[in-house]
Amino acid sequence: MSSPSDDPPSKTPQNPVSQVAQANDDRQDPKVEMEKEISSASVFVNAEPPREEQVQNAVRFLSHPKVRGSPVVYRRSFLERKGLTKEEIDEAFRRVPDSNPDATTTLSAVGKQDGQIKSSLNDQQQHPVQVLQSTPVGPAVSTSKVGAISRFRWYHGILAAGFLTVAQVIAAVVFKRLFVPKLKSWIRWIVLEEDVKGQTKKFDTKPSIAEEAAAAAKSAATAAADVARTSQDMLMTNSEEKRCLEELISMLRVQASEMTSLRGAIQKLEVGHSITSRQSTEEHNIKGFSWTTSGPYANGKVDSDSRSVRSLSPPVSVEPSVAPHPKSYMEIMAMIQRGEKPSNIREINDAPPNPNQPLPNPHLAPKPKPWEIGQGQSRSAGTFPSQASTNGFSIDDQLNGDNIVRWRQPNNTRTTETEIGNEPNFGFPSVATNETLLKRSWVPPQPPSVVMPEAAAAIRQPKKSLSQTDTETDDLKSADITDELQKITKISEMGGSFEANGSNSTHSNEIAPSTDERASSLMA
Amino acid sequence: MPVFKTPFNGYSVKFSPFYENQVAVATSQNFGILGNGRVHVLQLGPAITERVAFDTADGVYDLCWSESHDSLIVAAIADGSLKIYDLSLPPTANPIRSLHEHGRECHGVDFNTVRKDSFLSASWDDTVKLWTVDRPTSVRTFKEHAYCVYSVVWNPRHADVFASASGDCTARIWDVREPGSTMILPAHEFEILSCDWSKYDDCIIATASVDKSIKVWDVRNYRVPLAVLNGHGYAVRKVKFSPHRGSMMASCSYDMTVRLWDYMVEDALIGRYDHHTEFAVGVDMSVLVEGLLASCGWDELVYVWPHGTDPRAP
């Protein structure tokens with residue numbers, strides 16, 4: 001059938017409509033409907049221009065590193081639930097460079113990112129070696145490392161952070177092990193020197209040497225204290241980083257445990273592949289909401305963002321609660337979770353015995369719907385609802401059989417579409433009651449669209465015996481026959497599939513070329 | 001008022017568009033979790049009698065009558081298939097078609113009331129498919145929802161427009177001539193289980209959700225609902241606009257009640273029936289008889305009663 005690539009998303013439908021309509025080619029005529037629907041189909045399309053603020057919100061959302069890790073479908077769905085239109089979402093995806101609306105390209109992008117991350121990790125591993133030799137650079141290096149980490153995926157971030165902390169710890173330990181002994185040895189050497197000097201000038205220089213030694217020792221101690229302090233600072237920053245990362249890790253662990261428990265539950269419930277999903281969807285309520293929180297972007301930051309956006313809309317006053325399921329329902333669920341199958345299930349073969357069984361002939365013609373009747377003819381509001389099936393159409397049935405009834409169908413639909421085209425004229429926002437509707441929906445100036453002049457003339461006799469409104473239409477009909485005939489042929493021109501006569505050719509110059517094309521495509 | 005007891009738990013009930021006294025019921029064994037299903041065709045009268053029943057291997061979640069053939073029923077089966085039954089043939093010759101394309105359960109089916117040539121199926125595989133009765137394969141597949149599609153409804157005036165309600169908390173409006181959806185309504189914060197178009201105003205649509213509310217929207221101004229109908233105690237399972245009164249609609253819910261609403265009125269609730277003793281999951285309003293309601297529930301009972309009377313009255 002028509003594939004999406006064949007249909008340009010435009011309002012002027014061409015072949016696909018004819019293909020869909022061919023299945024019903026003896027009935028009404030989609031071309032007229034489409035003409036009217038070009039003006040009215042726009043009602044079912046979002047006419048707002050893309051809102052820049054929403055697009056920027058979406059760009060911020062999509063740029064978030066946690067969101068990067070989530071499947072594209074979830075990202076789109078989230079934005080749709082926030083009220084963004086398709087245009088706005090597409091624009092946001094266009095603006096965020098790394099994220100692609102296509103899931104397959106996302107995987108390749110991840111692959112590329114993996115390569116980038118690995119090379120940067122190698123660089124980072126070299127950094128700790130350098131830090132060993134230059135202490136003051138430590139804090140700066142660590143901050144730059146943190147900045148680099150925020151650009152990568154979360155698990156790579158964890159890996160990197162893990163390496164970082166290990167490297168820093170090693171650095172601190174090595175500092176302590178190398179520097180402190182060096183310091184001690186240096187102090188010892190000074191003291192020894194002093195001792196050696198002291199041996200020569202024992203009494204006089206001893207106090208001064210001792211003072212000098214003490215001063216040197218003090219300065220060494222302060223230097224050592226400084227070093228200790230800086231290393232402590234480094235450790236603190238590391239511990240802070242560690243804490244944040246640990247929080248993240250714990251949340252991810254929670255997610256992972258949830259997922260493993262879910263997986264375990266699913267595996268347990270594996271009695272027929274669809275059972276567990278039936279369970280979760282039967283529950284409906286919180287589960288439907290929980291998938292959003294257990295998704296990849298279930299962290300405090302994104303949720304707070306989403307909540308801040310949501311707070312602009314009126315608060316949801318009702319919270320869904322789990323409806324108490326019947327006791328036997330819970331028993332059956334428990335049975336299935338244990339892996340047992342309920343005993344009352346039979347093996348039934350419900351395949352069609354003859355897949356090529358021809359379709360039956362309908363015994364009854366389709367009856368017009370109450371809302372369609374109200375549009376086509378005006379009936380007294382009180383009586384028609386209960387007599388919807390026993391109105392003038394049944395009389396037609398009795399008189400002329402299928403032909404006339406089938407003729408009635410396109411008439412109804414066409415007038416329905418005509419009425420819809422007129423509704424905006426009434427400024428038609430709401431519907432009060434049935435009666436008001438009926439009165440409003442009957443448009444006095446419009447003559448009823450009649451397809452076949454011969455049939456119209458034939459019907460005119462039995463119709464005169466019906467309600468007064470029919471006589472009104474009769475008056476209208478008799479008033480200006482030539483106008484009617486023109487209208488009839490015009491409508492029949494557009495209703496090409498229905499017509500048997502060749503009225504198409506004579507009035508082709510009256511009709512716009514586009515309808516001509518449609519007529520020819522339908523007739524073909 | 002007559003009541004009918006089905007052996008399995010009810011899931012959906014639909015009046016025939018051709019015969020005033022015919023009603024079809026979709027039922028599933030074991031609440032639809034796992035088990036067989038059965039389609040009942042019931043004859044209304046002083047008592048409800050069963051005209052014919054068709055057994056299925058898996059539960060039947062929904063069904064619809066054909067608008068073009070008075071004896072055809074399309075059933076949405078929990079194994080993902082759609083089965084077409086012909087009442088003019090004996091049960092042994094049925095079903096006449098089995099259309100199996102969905103990857104997950106088929107949860108909703110609706111027949112086109114304008115062109116009367118095609119029907120749509122809504123599935124838990126996140127897609128909606130368009131079919132015609134004479135073709136063995138689907139005509140179109142609409143894949144945009146991010147979660148189960150619970151319900152799909154044709155517009156009663158525009159032959160190419162339909163709406164779908166999904167567990168991804170959005171309702172979407174589609175045009176079969178367009179490749180994707182034409183409007184996205186972020187209608188609720190929770191799953192949307194059902195939607196229906198107003199029969200008398202082609203731009204009004206109602207959505208029913210797990211959040212216990214029914215919201216009425218005008219698609220021309222879809223950011224703010226026209227009305228929010230609260231009152232149900234639990235998730236609203238189905239909503240159906242009246243074929244006879246423009247602003248009236250019926251709804252059924254897991255709170256076991258069937259309610260009637262008029263969203264144009266200040267106090268919207270105009271009727272409440274608590275005849276079911278388990279979840280009320282299916283409700284329908286007859287197109288041929290004004291005011292006639294039918295409902296089915298997990299208590300295995302099917303009620304048919306005129307609005308304003310007590311469904312349980314003998």
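Here the Karplus curve 6.51 cos²θ - 1.76 cosθ + 1.60, taken at θ = phi - 60°, turns the phi angles of the stretch A:211-225 into couplings of 4, 4, 4, 5, 4, 4, 4, 4, 4, 4, 5, 5, 4, 4, 5 Hz, with x standing for Gly and Pro. Spatial offset of the stretch A:213-228 relative to the stretch B:271-294 amounts to 90 Å, using the alpha carbon center of each.
Given R₀ = 56 Å, what would the calculated FRET efficiency be for A:ARG263 paired with A:GLN357, taking r from the Cβ atoms and rounding to 0.05?
Values: r = 44 Å, r/R0 = 0.78.
Here the calculated transfer efficiency is 0.80.
Each residue of the stretch B:164-180 is assigned a 3J(HN,Hα), and the resulting list reads 10, 10, 9, x, 7, 6, 10, 10, 10, 10, 10, 10, 5, 7, 9, x, x Hz, derived from the Karplus form 6.51 cos²θ - 1.76 cosθ + 1.60 (θ = phi - 60°), x at Gly and Pro. Residue order by solvent-accessible surface for B:LEU44, A:LEU192 is A:LEU192, B:LEU44, largest first, with ligands and nucleic acids left out and a 1.4 Å probe.
Sorting B:VAL224, B:VAL176 by accessible area (1.4 Å probe), largest first, what list results? Present the calculation step by step, with values, prior to reporting the outcome.
Numbers: B:VAL224 90, B:VAL176 10 Å².
Ranked from most to least accessible, the order is B:VAL224, B:VAL176.
Here each label is just a point 7 Å from Cα along the line to Cβ, and for B:GLN43 and B:ASN221 those points are 5.2 nm apart.
What net charge do the residues around A:ASN344 carry, taking every other residue with its C-beta under 15 Å from that of A:ASN344, with Lys and Arg at +1 and Asp and Glu at -1? Before the final figure, lay out the partial values.
Details: positive: A:LYS341, A:ARG346, B:ARG38; negative: A:GLU331, A:GLU340, A:GLU347, B:ASP55, B:ASP58, B:GLU300.
Net local charge, A:ASN344 excluded: -3.
In this structure the amide hydrogen of B:SER118, modeled in the peptide plane, comes within under 5 Å of the amide hydrogens of B:ASN112, none closer than 5 places in sequence on its chain.
The 3J(HN,Hα) values that the Karplus relation (6.51, -1.76, 1.60; θ = phi - 60°) gives for the stretch B:295-305 are, in residue order, 8, 9, x, 5, 7, 6, 10, 10, 10, 10, 7 Hz. Gly and Pro appear as x. Amide H to amide H distances under 5 Å link B:LYS238 with B:CYS252, where only residues 5 or more positions off or on other chains count and H is placed in the peptide plane. Overall, the accessible surface of the stretch B:197-291 at a probe of 1.4 angstrom is composed of carbon and sulfur to the extent of 48 percent. Under 10 Å, Cα contacts only: if you run a Gaussian network model on chain B, which one of B:ALA24, B:ALA53, B:ALA208 comes out with the highest mean-square fluctuation? Evaluated over chain B, the most mobile residue of the options is B:ALA53.
Between amide H atoms placed 1.01 Å from N, distances below 5 Å from B:GLY108 occur with B:ALA122, all of them 5 or more places distant or on a separate chain. Counted by Cβ distance under 14 Å from B:VAL13, the other residues give a net charge of +1, where Lys and Arg count +1 and Asp and Glu count -1. The Cβ shell under 14 Å around A:ASN354 holds other residues with a net charge of 0, Lys and Arg each +1, Asp and Glu each -1. Taking the Kirkwood radius as Rh and the Cα radius of gyration as Rg, the stretch B:204-284 has a ratio of Rg/Rh equal to 0.95.
Please give the solvent-accessible surface of A:TRP189 in Å², to the nearest 10, using a probe radius of 1.4 Å with every protein chain present. Number for this one is 130 Å². For the chain pair A and B, the buried solvent-accessible surface (1.4 Å probe, both sides summed) amounts to about 9700 Å².
Computed from the C-beta positions of A:ILE345 and B:LYS143 and an R0 of 22 Å, the FRET efficiency is 0.10 to the nearest 0.05.
Put A:GLU372, B:GLU50 in order of accessible area, highest first, and with a 1.4 Å probe you get B:GLU50, A:GLU372. How much accessible surface area, in Å² rounded to 10, belongs to the heavy atoms of A:LYS86 with a 1.4 Å probe? Spelled out: A:LYS86, probe radius 1.4 Å, area about 60 Å². A Förster radius of 30 Å combined with the Cβ-Cβ distance from A:ILE170 to A:ARG253 puts the calculated FRET efficiency at roughly 0.75. If you average the C-alpha positions of the stretch A:53-75 and of the stretch B:210-244 separately, how far apart do those two centres end up, in angstrom? For the stretch A:53-75 versus the stretch B:210-244, the Cα centre distance is 30 Å.
The values are calculated or read from the model by the stated rules, or taken from the named source; none is laboratory data. The structure displayed is predicted, hence computed values, not measured ones. Note that we place each Cβ from the backbone using ideal geometry, even for glycine, and neighbour counts take in every protein chain shown. Note: accessible area is taken over every heavy atom of the protein model, side chains too, but ligands, DNA and RNA are not part of it. Shrake-Rupley method; radii C 1.70, N 1.55, O 1.52, S 1.80 Å.
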